[in-house]
Amino acid sequence: MTTKVVTQKQIYKYFTIHIITTIIMFMIGIVLQQSGYSAPLGVLIGACIGIVITFLSIAFAKRRPDAFFVHYGADIVTRWLHYPLMAFIIMTNLLLVAINLWEIQDLLLQFYLTGTPSWIILGLCGLCISYMARYGIKSMFRAAEGMFYLSMITFIIIPYLVHSNMEWFLARGFATVASVKEAWPTAYHLGSIFGEASLILYIYPYISQATYTRKTTIRFTTLAALMVICHLIPILIVLGPDLAQNLNYPELDIIRLIKSGSYLETLDPIIIALWLVSIFIKLSFILFVISHMLSRILKLKYSKPLIYPICTFIIVSTICLAQSHTQFFSMHNGGVSTCVYISQLIPLLYYVIDVMRKRRKQMEEESL
Amino acid sequence: MRKLTISLLLLMMLTGCWSSEELNDQAFIGVLIIDRNDDGIEVTFGVPLTTNLASGETSGSASGGEVFGYFSRTAPTLEEAMQKVQGDLSRRANIGQNRNIVVGRRFAEEGITPVLELAARNPNIRMNTNMFLVDGYAKDEVAKATVTSERFFISLLNKYVEHRTALQTTIKDFMLSKASGGDGLLPIINFSDNTEGAMVGKSSTVGTGGAAIIKKGKLVEPILTPDQTSAAQSIRNQLGNYFFSIESPTENGWIGLYSTSVDVKTKIVKKENKYHIVIKPTSEVEAIGNNSTMNFAIYEDVKKLEDSIDQFSDQLHADTMHVIQQTGADVFHFDRYMMVKYPQDWRKIKDHWREYYRDQLAIDIDSDIRIRRKGSTVRSFKSQFIEHNEGD
């Protein structure tokens, strides 16, 4: 029934982009505020948390490699438990998309599209992501393959362009000032983002050569963690921890620090455009997963017709989500990450029950 | 397919509806001048007058009138004053292109923090906006200045920074660290009189001067002399071309030298329970004049000369540091060196860092300057062509 359309290479490229876009676009400010010099350490710990979560869901997915979790989940924990849990996961993912969209419109309004009503921005973004999601699972992974090299180039170029502003003596702080205690809030926040790779569970039957998925997970998590660290370090070395902690978008600010008079001075719109495309890929993937899950729960034949209604729902809830930056962050603090963690660990519950049931079955068979 | 075409066409209609920025509706602020007077804060926007500019260019001369205009208003706060200036402008003030902020002396004495706050918070003002000080009422001095070698006053400021003629201090430099926040040096723009200065014969031409010491956002005495400012530039690794002369090691007379760039390494070390900031300027200089009998072919003499250049450099840097250190303003943010190298001890003294810096921090200068080239001649003109004949 299902075709194995997603290759391991695509998984690798897609999830690298999936993880780094949100972190670099929106989280770097928060991460630096929480951890300062310990932030790179926090990223590493977060990556480890993410790998553990993803490994658990892959291990679970491997038990039934050709069936969809949303289908067989009901057989494991009964329908009465399965549907509410699935609803929770869907809600969390909807919230994730809404949060990301809110941050996109906030950033665009603040810097580039001052005066444009936010619903127009959200509407256009929504249109983009739902179009992509409608083209099916292949579209996101194909797009990620294309974007991958472009974003890698920007990641190498940015540190190079600001290197004249770097104060290398500050690099020593990574060794002397960093501590696990300070790194923990970052690790917790980022762990939930690295853990988003556990969405693999929901598309597992689409993956070709699925036995290599674990190896791929390690590869993309390592690359993503490295990329994030490659961004954090220049920011800390250029701005220093005290200034970096006080900026909402330190990433944009260091791009703007590129030596005045140089023709690359106004590079930030190009970077923003790249970020936007990457984040659209990510959001359309989540949107695809949501529609996929919903269609299976509702026992529909196709998931495509669901995409526009879901997207409209997300856009309306994004508009209602928060009226100001402060309100947004007071809501965003910690709670969302915990929600995401719970939704990522729900499959673990199934896994445990499944293993126990199987064991009991074996014991019963043996006793017979 | 038809649906797609229609929706794409609809998309095209959306662009440009909102957030459109017409070039003809913008007044691009080239320099922001801020002064304090008895009524409050006076904000001045220096704006290139684009309408006059275009006609001036086509006819070959600025016949249409002024090409650069200053618009100013006074109000109790910075923001109110800005709003008032906007009220006088027929176009929308656009600060996104602004690269320079000039403050007057009185404003600096009472604190430049409102400007730092405005610049840091406003997403349109970049953090690498340069800051300058005018030792007087900035608006009056700048507005009456004669700009000769460039078209606009702002181009002068940009060139000073670009060519490292003036010390470069940006908004960012004041907020590099918490313990020494608001400390920095503000380069001074000078306005000449008729007989000396940037362009002799014209009154009030623009030039560079010394630098003012800012502590916690407020100007403190004394003002650094141009020489001391060069030393400060060197400590900040900004010193470009520098001409200087020192006494010849062999005999009375002086030797002229020229350095193209100075590379300075700064570090902190702990010696006998005391922290030392070690500043190590290294440079290669060229001899450009020899008004003594010194012979550049003799290695020992050159060695002696190098030693006296080192001494000269040590002395200049040490004097400058002494002046700055006395004020307690950590303008070079040495605290950051300590923070990363000795984090444990740093925690103990970070709350009274400025006192520690003023009273206990030792600053060692260790110059290492070499003579790279001796120019095109071996012996000096004096010894080769004049003193040679003296016996006759």
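Quick look at the numbers
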quantity: B:LYS274 being of a type in the set (D, E, K, R) and either buried (at least 22 other Cβ atoms within 10 Å of the Cβ) or closer than 30 Å to A:LEU236 by Cβ (or both); calculated: yes
quantity: Test: residue in segment B:242-255 that is β-branched (Val, Ile, Thr) and surrounded by fewer than 19 Cβ atoms within 10 Å (Cβ to Cβ); calculated: yes
quantity: Residue count for segment B:124-141, restricted to those that are within 22 Å of A:GLY240 (Cα to Cα) and in contact with a Gly (Cβ under 9 Å, 6 or more places away or on another chain); calculated: 4
quantity: Residue check, A:THR154 farther than 30 Å from B:LEU11 by Cβ and either within 14 Å of chain B (Cβ to nearest Cβ) or among the polar types (S, T, N, Q) (or both); calculated: no
quantity: Where B:ILE369 falls short, out of the listed (1) closer than 28 Å to B:GLN228 by Cβ; (2) part of a helix (DSSP H, G or I); (3) more than 14 Å from every other protein chain (Cβ to nearest Cβ); calculated: (2)
quantity: Yes/no for A:ILE99 being closer than 24 Å to A:ILE17 by Cβ and in contact with a helix residue (DSSP H, G or I) (Cβ under 8 Å, 6 or more places away or on another chain); calculated: yes
quantity: Wholly enclosed helices (runs of 4 or more DSSP H) of segment B:87-158 bearing at least 2 residues closer than 20 Å to B:VAL220 by Cα, modelled with pLDDT of 90 or more and away from every other protein chain (no Cβ under 14 Å); calculated: B:105-110, B:113-121
quantity: Evaluation of A:ALA183 against (1) under 19 Å from the mean Cα position of the chain (by Cα); (2) modelled with pLDDT of 90 or more (one fails), failing number; calculated: (1)
quantity: Some residue of segment A:281-290 being polar (S, T, N, Q), modelled with pLDDT under 90 and touching a helix residue (DSSP H, G or I) at 6+ places or on another chain (Cβ under 8 Å); calculated: no
quantity: Selection within segment A:1-23 - more than 20 Å from A:SER198 (Cα to Cα) and assigned to a helix (DSSP H, G or I); calculated: none
quantity: Residue list for segment A:172-195, filter: within 14 Å of chain B (Cβ to nearest Cβ), part of a helix (DSSP H, G or I) and aliphatic (A, V, I, L, M); calculated: A:ALA175
quantity: In segment B:159-177, residue surrounded by the most Cβ atoms within 10 Å (Cβ to Cβ) [restricted to those that are part of a helix (DSSP H, G or I) and within 11 Å of chain A (Cβ to nearest Cβ)]; calculated: B:PHE174
quantity: Leading residue by the ranking (surrounded by the most Cβ atoms within 10 Å (Cβ to Cβ)) among those in segment A:233-260 that are within 8 Å of chain B (Cβ to nearest Cβ) and either among the aliphatic types (A, V, I, L, M) or part of a helix (DSSP H, G or I) (or both); calculated: A:LEU239
quantity: Count - residues of segment B:233-274 that are closer than 30 Å to A:ASN165 by Cβ, assigned to a loop (DSSP other than H, G, I, E, B) and away from chain A (no Cβ under 14 Å); calculated: 3
quantity: Residue that is farthest from the other protein chains (Cβ to nearest Cβ) [pool: residues in segment B:316-366 that are assigned to a loop (DSSP other than H, G, I, E, B) and over 24 Å from B:LEU239 (Cα atoms)]; calculated: B:GLN360
quantity: Residue under evaluation A:PHE169, criteria (1) in contact with a strand residue (DSSP E or B) (Cβ under 9 Å, 6 or more places away or on another chain); (2) more than 10 Å from every other protein chain (Cβ to nearest Cβ), criterion not met; calculated: (2)
quantity: Complete set of residues in segment A:117-134 that are within 19 Å of A:LYS13 (Cα to Cα) and within 14 Å of chain B (Cβ to nearest Cβ); calculated: A:MET132
quantity: Within segment B:117-132, considering residues that are buried (at least 22 other Cβ atoms within 10 Å of the Cβ) and in contact with a Phe, Trp or Tyr (Cβ under 9 Å, 6 or more places away or on another chain), the one farthest from A:LEU113 (Cα to Cα); calculated: B:PHE132
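So that you can scan it fast, the table gives a plain yes or no per residue for (1) in a loop (DSSP other than H, G, I, E, B); (2) of a type in the set (A, V, I, L, M):
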{"site": "B:HIS276", "(1), (2)": "no, no"}
{"site": "B:ILE279", "(1), (2)": "no, yes"}
{"site": "B:SER283", "(1), (2)": "no, no"}
{"site": "B:GLY289", "(1), (2)": "no, no"}
{"site": "B:SER292", "(1), (2)": "yes, no"}
{"site": "B:ASP301", "(1), (2)": "no, no"}
{"site": "B:LYS304", "(1), (2)": "no, no"}
{"site": "B:ASP310", "(1), (2)": "no, no"}
{"site": "B:ASP314", "(1), (2)": "no, no"}
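The values are calculated or read from the model by the stated rules, or taken from the named source; none is laboratory data. Predicted, not measured: the structure shown is a model, and the values here were computed from it. A quick note on method: Cβ atoms are made from the backbone with ideal geometry, for glycine too, and the neighbour counts reach across all protein chains shown.
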